[in-house]
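J.: This structure is in structure tokens; I'll ask about it shortly.
We did not get these values from a lab; they are worked out from the coordinates using the rules stated. This is a predicted model, so every value here is computed, not measured. When we count neighbours, we look across all protein chains shown, and the Cβ atoms used for this are built from the backbone with ideal geometry, even at glycine.
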Amino acid sequence: MTRLWSDAMRTNPYLIFNGNCREAFEFYAGLFGGRIEAISTFAGTPAESYVPPDWKDKILHVELRYGDNVLFGSDAGDQNFQKAQGFGIAIVLDDIAEGERLFNGLAEGGTVKMPFGATFWAKRFGMVDDRFGTPWMVNCGQPE
């Protein structure tokens, strides 16, 4: 069988926002201790002609790196935006204190779907839709 991708293939979430992508990614960079490595707006690109004048400074593409992770995003606009559903971005780590910090940060202004607590499969687990509507799951360690 011929392989189309190398062993270095990665899967990275690409988040779509309705005009607040910059705010979301600045928040994520601070919370995750990452850095925005690439950011471009609609202005000055061929895509500029497809957005209203007040959207020229909205995000066409952004790339955030934190640890070995990469998160991508963009603004879609009213007619192309759909609320995220049917998935969650899983954060998996061993450090319960760090997991709680991340969960609480994501929960600020958001909606907790499952409180951060012990489960049969993890020392701590919680689900939250952050204030931007992005669904997250924080999973910490295996139970004893």
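J.: How far apart, in nm, are two points set 7 Å out from the Cα along the Cα-to-Cβ line at residue 100 and at residue 43?
T.: Modelled inter-label distance: 4.4 nm.
J.: If the convex hull of the alpha-carbon atoms of segment 14-75 is projected onto planes in all directions, what is the mean projected area in square nanometres?
T.: Approximately 4.0 nm², given one-decimal rounding.
J.: Okay, next question. So which aspartates and glutamates pass the test for residue 123, namely a Cα distance under 18 Å, with those fewer than 8 places away in the same chain ruled out?
T.: Filter leaves 94, 95, 98, 100, 144.
J.: Show me, for segment 110-123, the HN-Hα J-couplings you get by feeding each phi into the Karplus relation (A = 6.51, B = -1.76, C = 1.60, θ = phi - 60°), rounded to Hz, glycine and proline as x.
T.: x, 10, 6, 8, 8, x, 6, x, 5, 9, 6, 9, 8, 4
J.: Still on this model: In µm²/s, what is D for segment 3-144 at 37 °C and 0.692 mPa s, where D = kT/(6 pi eta Rh) by Stokes-Einstein and Rh is the Kirkwood radius from Cα pairs?
T.: Calculated translational D: 200 µm²/s.
J.: Additional query: Defining a contact as two alpha carbons under 8 Å apart and six or more residues distant in sequence, what relative contact order in percent does the chain show?
T.: Once normalised by length, the contact order is 21 percent.
J.: Distance in nm between label sites at residue 118 and residue 82, each 7 Å beyond Cα in the beta-carbon direction?
T.: 4.1 nm
J.: Hey, quick one: spin label on residue 8, modelled 7 Å out along Cα-Cβ, who in segment 63-77 has an amide N within reach, i.e. under 16 Å?
T.: Correct set: 68-70.
J.: State which stretch of the chain is the longest one without any exposed chymotrypsin sites (Phe, Trp or Tyr not before Pro), exposure meaning a DSSP loop state and at most 11 other Cβ atoms within 10 Å.
T.: Longest gap between qualifying sites, sites excluded: 6-86.
J.: Here's another thing I want to ask about it. Leaving out same-chain residues fewer than 8 places away, which aspartates and glutamates sit with a Cα under 13 Å from that of residue 83?
T.: Within reach: 75, 129, 130.
J.: Counting other beta carbons within 10 Å of each residue's own, what order do 70, 138, 128 fall into, fewest first?
T.: In order of increasing Cβ crowding within 10 Å: 70, 128, 138.
J.: Could I ask something else about it? Mean separation of Cα pairs under 8 Å and 6+ residues apart, divided by the residue count of segment 63-144: what relative contact order is that in percent?
T.: It rounds to 29 percent for segment 63-144.
J.: For residue 18, project a label point 7 Å along Cα to C-beta. Then give me every residue of segment 65-87 with its amide nitrogen under 19 Å of that point.
T.: 73-87
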